[in-house]
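A short write-up of the structure that comes next.
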Amino acid sequence: MQPSVHPAPAAVSIWLLAVACLFVTCLIISNIVAAKLALIAGLVLPAAVILFPVSYILGDVLTEVYGYARARQVIWIGFACNLLAVIFIALAGALPAAGFWDGQMAYQRILGQTPRLLAASFLAYLVGEFVNAYVLARLKVATQGRMLWLRTIGSTLIGQALDSAIFITVAFAGIMDGSQLAAAVVTQWLFKSAYEAAATPLTYAAVGFLKRREGGEAFDRDLRFNPLALSD
């Protein structure tokens, strides 16, 4: 009896895999280093601000070159990988510490995030990244692929505003008063947005390189922008 023959899975571009891996890596590292508060340009900010905006830059690159559907897949993959990291970090923290090891309190202090902070982080990430991808894809069609700087900066301003507002509000409402919450939201939003604006030349270089390598780009003219859809 002849074995059944199935077609091989469609090949996925090595460049798409590379960008997706960088996106997920930046996301997971950002959530780990966010435990440190740093003084940057006179502002007290989580250390993650040096890396987390890179995930938005990579999200822009994904949407610009590969389209919203691919970006959506990577955003959900990032969510799943981050959730897996959080689960196993928590399980490792719950294991009984060896009697001679004195690092348990330090481990919990840095890696043991509270459920409230985790919920704030996950919710802010999903809303911010999906809105960023949606706005960029819509602007690309509206501008007929011109003015990449307008799309990347415009989508970031909206996505990062929602990300910062959701995270700060969910994480610190009741701990900080209204004026403190607003100040924290605006500070993080402006810093992250300025970061990506300054990185615009790098975004142009990455997008140009990938479009040449891939031999084209995506225009989402007839696409369902449902973030929960598995395919289009």
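For the stretch 163-228, what class follows from the C-alpha gyration tensor (a ≥ b ≥ c being the square roots of its eigenvalues): rounded when a/c is under 1.5, otherwise prolate if a/b is larger than b/c, else oblate?
oblate
Using the Cα gyration tensor of the chain, with a ≥ b ≥ c the square roots of its eigenvalues, what is the shape: rounded (a/c below 1.5), prolate (a/b larger than b/c) or oblate (neither)?
In terms of gyration-tensor shape, oblate.
If the only charges are +1 at each Lys and Arg Cβ and -1 at each Asp and Glu Cβ, what is the size of the charge dipole of the stretch 14-214 around the Cα centre, to the nearest 20 debye?
The calculation lands at about 520 debye.
Quote the charge dipole size of the stretch 59-170 about the Cα centre in Debye, to the nearest 20; the model charges only the Cβ of Lys and Arg (+1) and of Asp and Glu (-1).
I would put it at about 360 debye.
Work out how much length ILE87 to ASP102 would gain on full extension: take 0.36 nm times their residue separation and subtract the Cα-Cα distance, in nm to one decimal.
Values: separation 15, 0.36 × 15 = 5.40 nm, distance 2.25 nm.
Gain in length upon complete extension: 3.1 nm.
Taking 0.36 nm per residue of separation and subtracting the Cα-Cα distance, what length does fully extending ILE77 through ALA198 add?
Net length gain for the segment: 40.8 nm.
With r defined as the distance between the Cβ atoms of CYS21 and GLN180 and R0 fixed at 41 Å, what FRET efficiency is calculated, to the nearest 0.05?
Efficiency at R0 = 41 Å is approximately 0.65.
Search the structure for amide H atoms under 5 Å from the amide H of ALA38, placed 1.01 Å from N in the peptide plane, and list their residues when 5 or more places away or on another chain.
LEU45, ALA47
For ALA41 and LEU95, what does the FRET efficiency come to when R0 = 30 Å and r is the distance between their Cβ atoms, rounded to the nearest 0.05?
Once the sixth-power term is evaluated, E becomes 0.15.
With each run of n ≥ 4 DSSP H residues scored as -39500 (n - 2.57), what mean residue ellipticity at 222 nm is computed for the chain after dividing by its residue count and rounding to the nearest 500 deg cm²/dmol?
Value at 222 nm, helices only, nearest 500: -23500 deg cm²/dmol.
Can you check what the net charge comes to around VAL207, using other residues whose Cβ is under 9 Å from the Cβ of VAL207 (Lys, Arg +1; Asp, Glu -1)?
-2
If Lys and Arg each add +1 and Asp and Glu each add -1, what is the summed charge of the other residues whose beta carbon sits under 13 Å from the beta carbon of VAL131?
-1
Compute the angle between helix 178-198 and the longest alpha-carbon principal axis of the chain, please, reported from 0 to 90 degrees and rounded to the nearest 10.
That helix lies at roughly 40 degrees to the long axis.
Below 14 angstrom from the Cβ of ASN31, what's the summed charge of the other residues (Lys, Arg +1; Asp, Glu -1)? Please report the intermediate quantities before stating the final value.
Numbers: positive: LYS36; negative: GLU129, ASP163.
With Lys, Arg at +1 and Asp, Glu at -1, the neighbours total -1.
Give me the angle, in degrees from 0 to 90, between the Cα long axis of helix 14-33 and the longest principal axis of the Cα atoms of the chain, rounded to the nearest 10.
For 14-33 against the chain, the angle is about 10 degrees.
Once the piece of chain linking ARG146 and LEU118 is laid out straight, how much longer is it, given 0.36 nm per residue of separation minus the C-alpha distance between them? Display every interim value, and only then the final one.
Details: separation 28, 0.36 × 28 = 10.08 nm, distance 3.79 nm.
Using 0.36 nm per residue and subtracting the Cα-Cα distance, I get 6.3 nm.
Using alpha carbons only, how many degrees (0 to 90, rounded to 10) separate the axis of helix 148-172 from the longest principal axis of the chain?
30 degrees
No lab work stands behind these numbers, since they all come straight from the coordinates. Values in this document were obtained by computation on a predicted structure and should not be read as measured data. FYI the Cβ positions are ideal-geometry reconstructions off the backbone, even for glycines, and counts take in every protein chain you see.
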